[in-house]
Amino acid sequence: MASSEITLSSPKIDKLINRIEEGDIKIPAFQRGFVWKQDQVIKLLDSIYNEYPIGSILLWNSIVRLKSTRNIGGFLLAEREPLYPVNYVLDGQQRLSSIYAVFGKDKNEDPNNNQYKIDTQIFDIYFDLDDNDFLPKEDLNGAHTNLRLNTLFNTKEFTIKSRFSR
């Protein structure tokens, strides 16, 4: 009989993003699709920025492959070897998908993901460095310095000056 145990950790955002990109975290098909609106994503980012609790993410680590799974946020992600354990998201999909979709680099939408299609424009969010506020692209103040969040964990993109808009 296999043993089960619950382990607690507080991984940093960049580590979670790396695990998603490596195909380590997947969503079981029985989970609902992504339903958050852009204002909910911005509220999550604001909570992270202000160090407010954002709830937990519950992952089920298993070598048993579910017949039907999908990638985080409907993006193309790496596939793991058949014997490699997968972490299935049981709780926290909206938060985890938002974090990956906002901060992940080199994201490509999965063309076969028709059932769970997401409007990826809602993740094009900037941080206004003058007002310390998160904004969608259409609400940017042209007189302020704004950081496009999808460059934050991508060193090459982050260092390109054009990623800051004024």
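Computed values, structure above
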item: Inter-residue pairs, beta-carbon under 8 Å, first among the charged types (D, E, K, R) and in region 51-76, second surrounded by 14 or more Cβ atoms within 10 Å (Cβ to Cβ), 6+ apart; result: ARG65/VAL86; ARG70/LYS26; ARG70/ILE27; ARG70/ASP110; ARG70/ASN113; ARG70/TYR116
item: Matching residues in region 1-21 - criterion: being of a type in the set (S, T, N, Q) and open to solvent by less than 80 Å² (accessible area, probe 1.4 Å); result: ASN18
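The values are calculated or read from the model by the stated rules, or taken from the named source; none is laboratory data. The structure presented is a predicted model; accordingly, all values stated were derived computationally and were not measured. Positions of Cβ are backbone-derived with ideal geometry, glycine not excepted, and every protein chain shown enters the neighbour counts. The accessibility values were calculated without ligands, DNA or RNA, using every heavy atom of the protein model including side chains. Shrake-Rupley method; radii C 1.70, N 1.55, O 1.52, S 1.80 Å.
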